[in-house]
1. For the structure I just gave you, tell me whether V64 is on the phi < 0 side of the Ramachandran plot, buried (at least 17 other Cβ atoms within 10 Å of the Cβ) and not in a strand (DSSP E or B).
2. Condition first: out of contact with any Leu (no Cβ under 8 Å at 6 or more places or on another chain) and open to solvent by less than 40 Å² (accessible area, probe 1.4 Å). Can you find one or more residues in the range 115-122 that meet it?
3. Inside the range 1-54, can you point out the residues that are of a type in the set (K, R) and part of a strand (DSSP E or B)?
4. May I ask you to say which residue of T50, T33, T78 is without any contact (Cβ under 8 Å) to a residue 60 or more places away in the chain and farther than 16 Å from S7 by Cα?
5. For the range 8-21, does any single residue satisfy the condition of being more than 19 Å from S85 (Cα to Cα) and in contact with a strand residue (DSSP E or B) (Cβ under 6 Å, 6 or more places away or on another chain)?
6. Considering only the range 67-116, state which residues are in a strand (DSSP E or B), over 12 Å from A49 (Cα atoms) and of a type in the set (S, T, Y).
7. Considering each residue of the range 81-114, count those that are under 20 Å from V12 (Cα atoms), open to solvent by 10 Å² or more (accessible area, probe 1.4 Å) and either at pLDDT below 95 or not aliphatic (A, V, I, L, M) (or both), and give that number.
Amino acid sequence: QVQLVESGGGLVQPGGSLRLSCAASGSILRIVTMSWYRQAPGKQRELVATIVTGGETTNYAESVKGRFTISRDTAKNTVYLQMNSLKPEDTAVYYCNAWIRAPLVIHDSNFWGQGTQVTVSS
């Protein structure tokens, strides 16, 4: 069993910064990718950023490029999302997602965190 636990959400003024963290724990042989998604009220969940472990390739949604940075601490099985220059339209519940290979399993499995609320408002 694998758990993803997010932290770091909160209320911030426009132009401010927040850093989200997501720690993976449990039966983990290898983490393939870790991503952040977000879902605003009345909207579909959207991919914000992804980091591919090993090569450390990153990808971002156009709406956050240049403002958000995804990074990873391999030793801690933790992914971070540094969010700068926040805008009201960044307000959403942010979810951590990971593709993980468990020991003695031949395929990767997908896991979600419980979500953390980010509110950008003056």
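The values are calculated or read from the model by the stated rules, or taken from the named source; none is laboratory data. Treat the numbers as computed from the prediction; the structure is a model and nothing was measured. Don't worry about glycine lacking a Cβ; one is built from the backbone with ideal geometry, like all the others, and counts go over all protein chains shown. Accessible surface areas use protein heavy atoms only, side chains included; no ligands, DNA or RNA. Shrake-Rupley method; radii C 1.70, N 1.55, O 1.52, S 1.80 Å.
1. yes
2. Going through the range 115-122, the residues out of contact with any Leu (no Cβ under 8 Å at 6 or more places or on another chain) turn out to be 115, 117, 122.
Restricting the remaining residues to those that are open to solvent by less than 40 Å² (accessible area, probe 1.4 Å) gives 115.
Yes, the conditions are met somewhere in the range 115-122.
3. Taking the range 1-54 as the starting set, the residues that turn out to be of a type in the set (K, R) are 19, 30, 38, 43, 45.
Residues satisfying the conditions are R19, R30, R38.
4. Being without any contact (Cβ under 8 Å) to a residue 60 or more places away in the chain and farther than 16 Å from S7 by Cα holds for just one of T50, T33, T78, which is T50.
5. Filtering the range 8-21 down to residues more than 19 Å from S85 (Cα to Cα) leaves none.
No, the range 8-21 contains no residue that is more than 19 Å from S85 (Cα to Cα) and in contact with a strand residue (DSSP E or B) (Cβ under 6 Å, 6 or more places away or on another chain).
6. Across the range 67-116, the qualifying residues are T78, S109, T116.
7. Counting residues in the range 81-114 that are under 20 Å from V12 (Cα atoms), open to solvent by 10 Å² or more (accessible area, probe 1.4 Å) and either at pLDDT below 95 or not aliphatic (A, V, I, L, M) (or both) gives 8.
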